[in-house]
Every structure is written in structure tokens, then in C-alpha cells.
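Remarks on the structure that follows.
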Amino acid sequence: MNRALIISLLLFSSTVFSQKIFSVDYESRADVKVFVVDYESRADLLVYKEDYESRATGNEGRWFFVDYESRADKKIFFVDYESRADLKVYFVEYQSRAGWKNKEKKHLLY
């Protein structure tokens, strides 16, 4: 009984904190509306695009873009205006730079 509980908790926690992202074509299909800012200082989240799905774990800005909506943990829509966004992101070149600058928005990606 305890073994089954532990396994289910591990599976649940890995699903909740994964960052597999799918970019949708329509705003109405998105979980989160995202705007890409020009400067790191204006971002809520610094995002690093992972090359491998297995590395995109945790809610710390390490995203892996999946090819199919059904494989995504979160669906995002890139908006054209900052005022329409739920979340402002800046894409970084190094994994070590990824992370939250505005932790009040962290709930958006859980």
C-alpha cells in the first residue's frame, strides 16, 4: 500500500512541475498569455529553451517546446502587446540564468 502511494505521488509531482510548453495559435486556447520583452529587467520570468524534454523539469523557467498540444503541461499564446499578457518573459542563452524575477506570477505555470 505505501509503495503504491509513493509511486503515485512521484508521478503526480513530476507532472505538476514539468515545463513542457505548446504554443497555440489562438488566444482562447491558451492557459497563459505571454509577451516577450526586449530587456531582462522587464521580465517576470527568464526562460531557457531546453533541447531535451527530460531537462525541462521544475517551475524555474526551463521550457521544452513540444510538437503536440496533447503532450504539453501548459499551452501558451504569444501576445503582441505587453498589456495583454499574463506573463512577461525574456529568453536567455544559458540555463543558469533561467528563473523567476517576479515570484508572484509563479502560480501561472503550476
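The values are calculated or read from the model by the stated rules, or taken from the named source; none is laboratory data. The structure displayed is predicted, hence computed values, not measured ones. Glycine gets a Cβ as well: all are built from the backbone with ideal geometry, and neighbour counts include every protein chain shown.
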Tally time: how many residues in the stretch 46-63 are closer than 11 Å to R97 by Cβ and in a strand (DSSP E or B)?
-> 4
Identity of the residue in the stretch 53-64, surrounded by 15 or more Cβ atoms within 10 Å (Cβ to Cβ) and of a type outside the set (V, I, T), that ends up farthest from E93 (Cα to Cα) | N59
Can you name the number of the only condition in (1) within 15 Å of the chain's Cα centre (by Cα); (2) within 21 Å of H107 (Cα to Cα); (3) among the polar types (S, T, N, Q) that S83 fails?
-> (1)
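Yes or no, residue by residue, for (1) touching a Ser or Thr at 6+ places or on another chain (Cβ under 8 Å); (2) touching a residue at least 40 places away in the same chain (Cβ under 8 Å); (3) among the hydrophobic types (A, V, I, L, M, F, W, C):
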| site | (1), (2), (3) |
| --- | --- |
| V66 | no, yes, yes |
| E69 | no, yes, no |
| S83 | no, no, no |
| D86 | no, yes, no |
| V89 | no, yes, yes |
| R97 | no, yes, no |
| K105 | no, yes, no |
| L109 | no, yes, yes |
Got at least one residue in the stretch 29-52 being at pLDDT below 95, surrounded by 11 or more Cβ atoms within 10 Å (Cβ to Cβ) and of a type in the set (F, W, Y)?
-> no
Only one of (1) closer than 19 Å to R42 by Cβ; (2) in contact (Cβ under 8 Å) with a residue 12 or more places away in the chain is not met by R62, so which one is it?
-> (1)
